[in-house]
Amino acid sequence: MIDVAAAVIMNKYGKILITQRSKEDKQSLMWEFPGGKIEDGETAEECLKREIMEELNLEIEVQDYLGSCVYKYETGEICLIAYKALALSEDLQLNVHNEARWVNKDEIKNFAFAPADVALLNVIRLP
């Protein structure tokens, strides 16, 4: 099983950042909470700071643990671990994603999320 950290990143207006996977990725063009694989010796919080900086050039402050879920894809099983985070700026740069949007929590249902993120949404209470 692979441990993956996901960030529910909020801005100063209370909107949540969601990202769309690239066309070349598994789950092509599906939406997700940004994050990535936790490396050996790394905490989920450290992983999120690193991944969000690498993928979005965005500095975050990781806050509260929100919950986790296990999801089995055809290629293997992942444990998706979610944390609330605060964006320390509004500027971001798409380095691996197709698109990013700041949305209200009520708008999330209007986006086609990757299956593991859908499972996570059923577990966590969005801030």
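The values are calculated or read from the model by the stated rules, or taken from the named source; none is laboratory data. Nothing here was measured: the structure is a model prediction, and the numbers come from that model. So basically every Cβ, Gly included, is an ideal-geometry build from the backbone, and we count neighbours across all protein chains shown.
Quick check: anything in region 32-46 touching a Lys or Arg at 6+ places or on another chain (Cβ under 6 Å), in a loop (DSSP other than H, G, I, E, B) and under 12 Å from I18 (Cβ atoms)?
Checked region 32-46: no residue is touching a Lys or Arg at 6+ places or on another chain (Cβ under 6 Å), in a loop (DSSP other than H, G, I, E, B) and under 12 Å from I18 (Cβ atoms).
Could you grab me the full set of residues in region 93-124 that are within 20 Å of E51 (Cα to Cα) and either more than 14 Å from the chain's Cα centre (by Cα) or outside any helix (DSSP H, G or I) (or both)?
Q93, L94, N95, V96, H97, N98, E99, A100, R101, W102, F113, A114, listed by residue number.
Cβ contacts < 6 Å: first residue in contact (Cβ under 8 Å) with a residue 40 or more places away in the chain and surrounded by fewer than 14 Cβ atoms within 10 Å (Cβ to Cβ), restricted to region 1-13; second residue part of a strand (DSSP E or B) and among the hydrophobic types (A, V, I, L, M, F, W, C), any location; separation 6+ or different chain. Result?
M1/C79; I2/I78
Inspect region 58-78 for any residue being modelled with pLDDT of 95 or more, part of a loop (DSSP other than H, G, I, E, B), within 17 Å of I18 (Cβ to Cβ) and within 15 Å of the chain's Cα centre (by Cα) and give the result as yes or no.
Yes, the conditions are met somewhere in region 58-78.
Which members of region 25-42 meet the condition of being exposed (fewer than 13 other Cβ atoms within 10 Å of the Cβ), at pLDDT 95 or above and on the phi < 0 side of the Ramachandran plot?
Within region 25-42, K37, E39, D40 meet the criteria.
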